[in-house]
1. Given the structure, is residue 111 modelled with pLDDT under 80, farther than 13 Å from residue 178 by Cα and in contact with a strand residue (DSSP E or B) (Cβ under 6 Å, 6 or more places away or on another chain)?
2. Being modelled with pLDDT of 85 or more and more than 11 Å from the chain's Cα centre (by Cα) is the filter here; which residues of segment 72-102 pass it?
3. With respect to residue 158, is the statement that it is under 25 Å from residue 117 (Cα atoms), at pLDDT 55 or above and within 16 Å of the chain's Cα centre (by Cα) true?
4. Exactly one of (1) at pLDDT below 70; (2) loosely packed, with under 15 Cβ neighbours inside 10 Å; (3) in a helix (DSSP H, G or I) is unmet by residue 135. Its number?
5. Can you work out which of the residues in segment 145-167 that are part of a helix (DSSP H, G or I) and touching a residue at least 40 places away in the same chain (Cβ under 8 Å) is nearest to residue 111 (Cα to Cα)?
6. Residue check: is residue 149 outside the structural domain of residue 9 (by TED's automatic domain parsing) and at pLDDT below 80?
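The values are calculated or read from the model by the stated rules, or taken from the named source; none is laboratory data. Being a predicted model, the structure only gives us computed values, none of them experimental. Here the Cβ positions follow ideal geometry from the backbone for every residue, glycine too, while neighbour counts run over all protein chains shown.
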């Protein structure tokens, strides 16, 4: 069973999140964060609290002992990038549909990555238009490393998904997170990145 903590200063938003979680048979416990429970699996963290400053330090404080899903009223690309760079496992606008919310929590609990509908394409477009500079940020997870290795070898997203036994959407989201972490926007840079990181020998 998944143990979830909810960290949100907005009473209505917190109540809505709790309602969605109580409908999930996979969720065994729901606590308010900060919690002394060291066995939390997933944290639903509001990006902005009453002080109107992004809770990036809180994300870093929870990881890696728990997976953090950031929630916010809107999916501003700069906020999404900042949250992912701080170590979040996903980003969900507050208007996320219940089925998508449930899938995101399950993906995060399983060590995966989730972006709200449309955010992957928004981020990919922003990164593609940015100046590409290789800048190693937080270390890639094993799943991200495997994705990078497969894509750089010429695998399509469906082929990479089949090789890793995951959904194609998960590969799309993993590629976006790799781009955010490594600070590049052009997919053609993937081969150069894998050479720099020595992944082609794996």
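1. Working: modelled with pLDDT under 80: yes; farther than 13 Å from residue 178 by Cα: yes; in contact with a strand residue (DSSP E or B) (Cβ under 6 Å, 6 or more places away or on another chain): no.
Considered against the rule, which asks whether it is modelled with pLDDT under 80, farther than 13 Å from residue 178 by Cα and in contact with a strand residue (DSSP E or B) (Cβ under 6 Å, 6 or more places away or on another chain), residue 111 comes out as no.
2. 72, 93, 94, 95, 96, 97, 98, 99, 100, 101, 102
3. On the way: under 25 Å from residue 117 (Cα atoms): yes; at pLDDT 55 or above: yes; within 16 Å of the chain's Cα centre (by Cα): no.
For residue 158, the condition - under 25 Å from residue 117 (Cα atoms), at pLDDT 55 or above and within 16 Å of the chain's Cα centre (by Cα) - is not met.
4. Exception for residue 135: condition (3).
5. Going through segment 145-167, the residues part of a helix (DSSP H, G or I) turn out to be 145-152, 157-164.
Then drop every residue that is not touching a residue at least 40 places away in the same chain (Cβ under 8 Å), which leaves 145, 148-149, 152.
Details: 145: 14, 148: 17, 149: 19, 152: 22 Å.
Filtering segment 145-167 for residues that are part of a helix (DSSP H, G or I) and touching a residue at least 40 places away in the same chain (Cβ under 8 Å), the one nearest to residue 111 (Cα to Cα) comes out as 145.
6. Numbers: outside the structural domain of residue 9 (by TED's automatic domain parsing): yes; at pLDDT below 80: no.
Against the criterion (outside the structural domain of residue 9 (by TED's automatic domain parsing) and at pLDDT below 80), residue 149 does not qualify.
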